[in-house]
Amino acid sequence: MVSKTKVSALILILSVTWTSMCAASSLSEIRSAAEQISSIKGDFIQEKQMAILAHPIVARGYFAYQRPASLRWEYRQPLQSVLLLHNGKSHRFVQSDGEWTEDKAVNTQSMDFMLQEIAKWLNGRFDDNPMFRVSVEADNKIIMTPKDKSMDQFIQRIELIMADQPGVMKEVVIHENADSFTRFIFIDPKINEPIAPAEFQKVQ
Amino acid sequence: MKHLFLFITLVVSLAACAQLPQIYPDSASRPSETALDCGQVFPQGRWQLYHIIEATAPGGQKSALTGVSILSSRDRSIQWALMTVEGFVLVSGRFDGKLTIDRAISPFDRPGFAQGLMEDLMMLFFEPQGRRLMTGHLETGDRVCRYGSPEDITDLIIRNDGTWTINRYASRRRLIRTIVADGITIIGNNPFAKHLILKNHGIIGYQLELRLVEATPLTN
């Protein structure tokens, strides 16, 4: 269960973290741009495509991030699920029959591990992460590839596609293998607007 | 303590060995109708199904997952992927007379897991296999088809509102799996259950609760 939760946490956190990066041509520029962002929130669309699917399956939700390491990642359709990261602790809740219950299958140790990672990434320290090799491409795209072959079975490549607007990430595409990927599309994210602390502490 | 455990196990096992429900024969014109209905509660043709799944593990721990299934009634083949809410594929595979596992992340790679998952999916989306032993109705009036194979006996029970239940019994008439389907909706002239609950009974039993998000017909 550790591997499952570690990877799902990674996917969640990467998706939000990278929204704070700006169009830039080097990692140092990304780092300095990331330092200007204290909070970010908005809606997202998640599209899953696999070779077996005739058309992608779609989920929609809302996310909010506040420095140094508070995160709300909320699915609203087709199911209601909320991941909260705050004060070094993580919790996931799922709504079932109108009631919110905590998903205990989430391994808290691996979530804590990922929380430490997010702090590095939000400072633009992508090259500090020992798990990935990072390269910046000319077309507003950053490519992350796992260094460790064992990670390769979970994620082959991550593409971060930046919007023209500084500080805004347009898409994140996580390639699991040659014919399976998940695309996160961020819609009109709001940067450096106040976010109520309760958003990171309470499911509702 | 060891003897107490064995005694409890024995009592539970004996209690589980029940008789099969009595099936009453239909009137002269009814058997063919019931038999027809039993084949028609499952979707015909090729479909892509997308479900939200609440899995309850032995011990009661619950997890939210999503699942996609590509099924074909013509050749009883199915492809599937079980994913996290975030879209990460935990286990995927296909069955076209032979089980193939395309991907399995720990702990979903343990022996027997994919086989069990495939059996659950076949039970959820296809008419039970095996010889149809009898059709008729239960004491409640619900229509029933009973199927038999060397390994098990399966009752498919259909209520007047279109909802249905499957009870599968192993040797000694021990109930091993149950499916309850409700919220029947018609899509492209095919019935789909919006809500399915599969229970695997036993000491290490589990439950899968599926909510249909979308059913898409496939043309080829």
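Readers should treat all values here as calculations from the given coordinates under stated rules, not as data from a laboratory. The structure presented is a predicted model; accordingly, all values stated were derived computationally and were not measured. FYI the Cβ positions are ideal-geometry reconstructions off the backbone, even for glycines, and counts take in every protein chain you see.
Structure values in brief
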{"quantity": "Exercise: per-residue mean of other protein chain Cβ atoms within 10 Å, A:45-58", "calculated": "5"}
{"quantity": "Flagged links, alpha-carbon separation over 27 Å, of A:K41/A:K141; A:K48/B:K194; B:K98/B:K194", "calculated": "B:K98/B:K194"}
{"quantity": "Calculated [θ] (222 nm, deg cm²/dmol) that DSSP helices of n ≥ 4 give over chain B, each run adding -39,500 (n - 2.57)", "calculated": "-5500 deg cm²/dmol"}
{"quantity": "Per-pair calculated FRET efficiency, R0 = 30 Å: B:R110 and A:K147 via Cβ, rounded to 0.05", "calculated": "0.60"}
{"quantity": "Part-to-part distance (alpha-carbon centres) for region A:139-185 and region B:177-220, which is given in Å", "calculated": "34"}
{"quantity": "Relative contact order, percent, chain B [alpha-carbon distance under 8 Å, six or more residues apart]", "calculated": "22"}
{"quantity": "Extension reserve of the A:Q204-A:H55 stretch, reckoned as 0.36 nm per residue once the Cα distance is removed", "calculated": "50.4 nm"}
